[in-house]
1. Sketch the reach of a paramagnetic label on K103 as a point 7 Å from Cα along Cα-to-Cβ, and name the residues of the range 123-161 whose backbone nitrogen lies under 15 Å away.
2. For K123, which lysines qualify as cross-link partners when the Cα separation must be under 17 Å and same-chain residues fewer than eight apart are set aside?
3. What share of Cα pairs, in percent, lie more than 24 angstrom apart in the range 42-140?
4. My understanding is that a pair violates if its Cα-Cα distance is over 21 Å; which of K50/K116; K39/K164; K39/K132 do that in this structure?
5. Sorting check: for 10-17, 94-101, which peptide has the highest mean count of neighbouring beta carbons within 10 Å, and how do the rest follow?
6. Ranked from highest to lowest mean number of other Cβ atoms within 10 Å per residue, what is the order of the peptides 42-50, 143-151?
Amino acid sequence: EALATAEEWLNIVPHETLKTNFSEIRMVNNDLGEKLVVKIPLNRDDEFLKKILTREIDTLEELENRKLGNLSPTVFFSDREYPILVMKGSGESVLNEQVYSVKPESRITLLLELAKHIHFLHKEGWAHRDIKPQNITVSGLSSTSGPSYHGLIDYGSALRINRKQGSNEDHSYLNKSLFFGHDSQVAPDERASGGQDWYAFARVALYLIII
């Protein structure tokens, strides 16, 4: 029987747990052996952190309705009241953990696939706004050709293009200084724009060239 409550999901013993600035992330497997990602706020009493996760749920569900395919995780279970987000299709790993396994001849292909994904998001009216190696997923770890591009994760910072950043409706959490660790890494736009993602894309390209 499928798990139906946040408490049931939280009772699953994860095989891996990690923490980001905003969330606790637990890696679990369901009865079918599928890899699932369980994401909860670091502090359930923090409205700021709850807002980020509920926004990610909303964004992923809308993108799923727009037939994004496997470029982004799909919502397997969610509860906005808790809140909790369970996702599948998150890839096998993230780029920053596998970058040395990505062969030089495969890096251009990876960047081209990332560029196509960014273009699709912008066409649908969204800016991801947190593109970095930690949020780029890869698959094919056991392939002789090495890891390949899978998709993007972490849509808690995503905004509709042209929406004002740091507005009251966003609870001012969209201050530029929150992204990538410090504000010097974020394109200096007042409204969410595709340019922010391309700015980040250029940083990822440089990262792949020099690493």
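Coordinate-derived values only; no laboratory data. Being a predicted model, the structure only gives us computed values, none of them experimental. Don't worry about glycine lacking a Cβ; one is built from the backbone with ideal geometry, like all the others, and counts go over all protein chains shown.
1. Those under the cut-off are 140-149.
2. K67
3. Summing the P(r) tail past 24 Å for the range 42-140 gives 30 percent.
4. K50/K116; K39/K164
5. Working: 10-17: 11.6, 94-101: 16.8.
My ranking of the peptides, most packed first, is 94-101, 10-17.
6. Going by the mean number of other Cβ atoms within 10 Å, highest first, we get 143-151, 42-50.
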